[in-house]
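What follows is one structure encoded as structure tokens, with my remarks underneath.
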Amino acid sequence: QTTQEKGANSSVKGVIDSYLQMKNALAADDDKQAAASGNEMLKVFAAFNYEGLTAQQSKVIKDITDDAKEHASHIGSNAGNIKHQREHFESLSTDLYDLVKAAGTAGQTIYMDHCPMYNNNKGANWLSETKAIKNPYLGKDMPTCGIVKEELK
């Protein structure tokens, strides 16, 4: 393993893993598990290892994680209010997309999906570990609403 694989790559994997748990919880309308995943993500961010990244990558990732922490915190502290969690999940998904673009996917294939109906048809994106659509914005009401827009490796 290179230094980056042990350092930043491990942290990125932890962030992605907690995000995917959150996405799957929201897709299942499980606000309590979504909150637990938000709190888990905060722990991963607190221990984020920047080892192996360039100064520019570190700056970009720090800016992204500063914003993402706020959204993860809102999701973590709002069990019982899934609508509020989903609003912050939308912004968190943008942050995670930017993080993956800057630091990679920690060796896994990630799909960027899009739901055209969320937020009065304004639409929203999210990241997924599967090609199959599991919509975190509409949950059990419309679990397969959406399309894959991009494959990230």
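Key figures for this structure:
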| item | result |
| --- | --- |
| Positions within segment 83-116 being within 21 Å of Lys140 (Cα to Cα), out of contact with any strand residue (DSSP E or B) (no Cβ under 9 Å at 6 or more places or on another chain) and open to solvent by 60 Å² or more (accessible area, probe 1.4 Å), in sequence order | Lys83, Glu87 |
| Strands (runs of 3 or more DSSP E) (entirely within segment 67-153) containing at least 2 residues that are of a type in the set (S, T, N, Q) | 124-128 |
| Residues (over 18 Å from Asp29 (Cβ atoms) and either modelled with pLDDT under 95 or hydroxyl-bearing (Ser, Thr, Tyr) (or both)) located in segment 121-136 | Thr130 |
| Failed item in (1) over 26 Å from Thr130 (Cβ atoms); (2) open to solvent by less than 70 Å² (accessible area, probe 1.4 Å); (3) of a type outside the set (A, V, I, L, M), with Lys62 passing the rest | (2) |
| Selected residue [under 22 Å from Asn119 (Cβ atoms) and under 12 Å from the mean Cα position of the chain (by Cα)] from Ala79, Ala72 | Ala72 |
| In segment 48-58, the residues that are in a helix (DSSP H, G or I), surrounded by 17 or more Cβ atoms within 10 Å (Cβ to Cβ) and hydrophobic (A, V, I, L, M, F, W, C) | none |
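Matching residues to (1) in contact with an Asp or Glu (Cβ under 6 Å, 6 or more places away or on another chain); (2) buried (at least 22 other Cβ atoms within 10 Å of the Cβ); (3) free of Cβ contacts under 8 Å to residues at least 12 places away in the same chain:
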{"residue": "Ser11", "(1), (2), (3)": "no, yes, no"}
{"residue": "Gly14", "(1), (2), (3)": "no, no, no"}
{"residue": "Gln21", "(1), (2), (3)": "no, no, no"}
{"residue": "Asn24", "(1), (2), (3)": "no, no, no"}
{"residue": "Ala28", "(1), (2), (3)": "no, no, no"}
{"residue": "Ser37", "(1), (2), (3)": "no, yes, no"}
{"residue": "Leu42", "(1), (2), (3)": "no, no, no"}
{"residue": "Ala46", "(1), (2), (3)": "no, no, yes"}
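The values are calculated or read from the model by the stated rules, or taken from the named source; none is laboratory data. Being a predicted model, the structure only gives us computed values, none of them experimental. Note that each Cβ is placed from the backbone with ideal geometry, even for glycine, and that neighbours are counted across all protein chains shown. When the accessible area is computed, the model is the full protein with side chains, heavy atoms only, and any ligands, DNA or RNA have been set aside. Shrake-Rupley method; radii C 1.70, N 1.55, O 1.52, S 1.80 Å.
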